[in-house]
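J.: Below are the structure tokens for one structure; questions will follow.
Please treat every number below as a calculation from the coordinates, not as lab data. Since we're looking at a predicted model, the values are computed, not measured. We place every Cβ from the backbone using ideal geometry, glycine too, and count neighbours over all the protein chains shown.
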Amino acid sequence: MKYFVVDAFAEKVFEGNPAGVCLMNDWISEELMQNIAIENNLSETAFAVKESDHYRLRWFTPGGEIDLCGHATLATAFIILNYYEKHLETVKFNTISGELTVNKQDDLYELDFPSVPSEEISVTDHMVSALGIMPKEAYLNRDLVFVLESEEEVKNVNPDFAKLERLPEGLGVCVTAKGSEFDFVSRAFFPKLKVNEDPVTGSLHCSLIPFWAKRLGKQELVARQQSRRGGTLYCKHEDMRVKMAGKAVLYSVAEINIGLEKEIL
């Protein structure tokens, strides 16, 4: 099958978050999708099959299937809209998290995702030990979200990944703060999914956008994920939905060959 790697939320290669994309005519087994994701060793590999006027989409990390992924959705839409269905400006995906839409707007790709509420929780000694810093506040949705004092603290936080993996709360861990050049900044860690730091995490912004929209009193925000690669997201809060837009760049096109070794050789 054709296999693409796209740098999502990136203005040029080696920025943003790389995602694997496999567009298939028919579904393969979950075991095979999981093995491909492990072999690719990216934070996400997306698998999509066209069904009528939409695509069904699933996302696999090296540590298992996940319920929502922003950058791999953007990457899949980028491939479909630029290489498979160039006449389209919009692509719809049916997923475990409901219908997701991506709209092409010049060189930006805007994702329409569900808004995710967060519940404030108490900061525990285990959390402080794992982060290596005392957060101002802690929140829980699918993931743990820690609000830090400053953008500088977000840049410099150096968590203990083994301790993060043992935290009972949350799937991933996010640290965030009000930004200077950007409205807010963040970093994301997913050791429970065999991904220590995720470069740019769209799904986390489903909770970060409504949080910062309320705190800053504005519905349109520009966010920056401050990983080593870095990525910028142009965000809108619209009641029960959030929109996040970013650019994408094709890094590679390849073919995955399984069971064809003798033919190739």
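J.: What do you get for trypsin sites (Lys or Arg not before Pro) in region 173-220 restricted to DSSP loop and a cutoff of at most 15 other Cβ within 10 Å of the site's Cβ? Intermediate values should be presented prior to the final figure.
T.: Numbers: sites: Lys178, Arg187, Lys192, Lys194, Lys214, Arg215, Lys218; in loops: Lys194, Lys218.
Passing sites in region 173-220 are Lys194, Lys218.
J.: To continue, here is another question. Once the mean 1/r over all distinct Cα pairs of region 119-238 is inverted, what Kirkwood radius in angstroms do you read off?
T.: 14.1
J.: If you don't mind, another one. Have a look at Leu208, Leu171, Leu68 and tell me which one the Gaussian network model of the chain (Cα, springs below 10 Å) gives the largest fluctuation.
T.: Comparing Leu208, Leu171, Leu68 in the GNM, the peak value goes to Leu171.
J.: Here's another thing I want to ask about it. Pick out, in residue order, every one of the trypsin sites (Lys or Arg not before Pro) in region 53-128 that is DSSP loop and has at most 16 other C-beta atoms within 10 Å; say none if there are none.
T.: Lys86
J.: What are the lysines whose alpha-carbon lies under 20 Å from the alpha-carbon of Lys178, with same-chain residues fewer than 8 places away excluded?
T.: Candidates past the 8-residue exclusion: Lys136, Lys155, Lys214, Lys218, Lys236, Lys243.
J.: Output the relative contact order of region 119-238, whole-number percent, from Cα pairs under 8 angstrom with separation of 6+ residues. Each step should come with its number before you reach the end.
T.: Details: 236 pairs, mean separation 22.8, N = 120.
That works out to 19 percent.
J.: Looking only at region 184-252, where both bridge partners belong to it, what percent of the DSSP beta bridges are antiparallel (to the nearest 5)? It would help to have the intermediate numbers written out before the result.
T.: On the way: 14 of 17 bridges.
Taking every DSSP beta bridge within region 184-252, about 80 percent pair in antiparallel fashion.
J.: Can you pull out the GluC sites (Glu not before Pro) in region 84-138 whose DSSP state is coil and whose Cβ has at most 14 other Cβ atoms within 10 Å? Mind dumping the intermediate values first?
T.: Details: sites: Glu85, Glu89, Glu99, Glu110, Glu119, Glu120, Glu137; in loops: Glu85, Glu89.
Passing sites in region 84-138 are Glu85, Glu89.
J.: With a sphere of radius 14 Å drawn around the Cβ of Gly217, what net charge do the other residues whose Cβ falls strictly inside it have (Lys, Arg +1; Asp, Glu -1)?
T.: Result for the local shell: +2.
J.: For the chain, set up a Gaussian network in which alpha carbons nearer than 10 Å are linked by springs, and say which option among Asn156, Asn17, Asn196 fluctuates the most.
T.: The residue that fluctuates most here is Asn156.
J.: To the nearest 500 deg cm²/dmol, what mean residue ellipticity at 222 nm is calculated for the chain from DSSP H runs of n ≥ 4 alone, each contributing -39,500 (n - 2.57), summed and divided by the residues?
T.: Values: 7 runs with 56 residues, N = 265.
Mean residue ellipticity, 222 nm, calculated: -5500 deg cm²/dmol.
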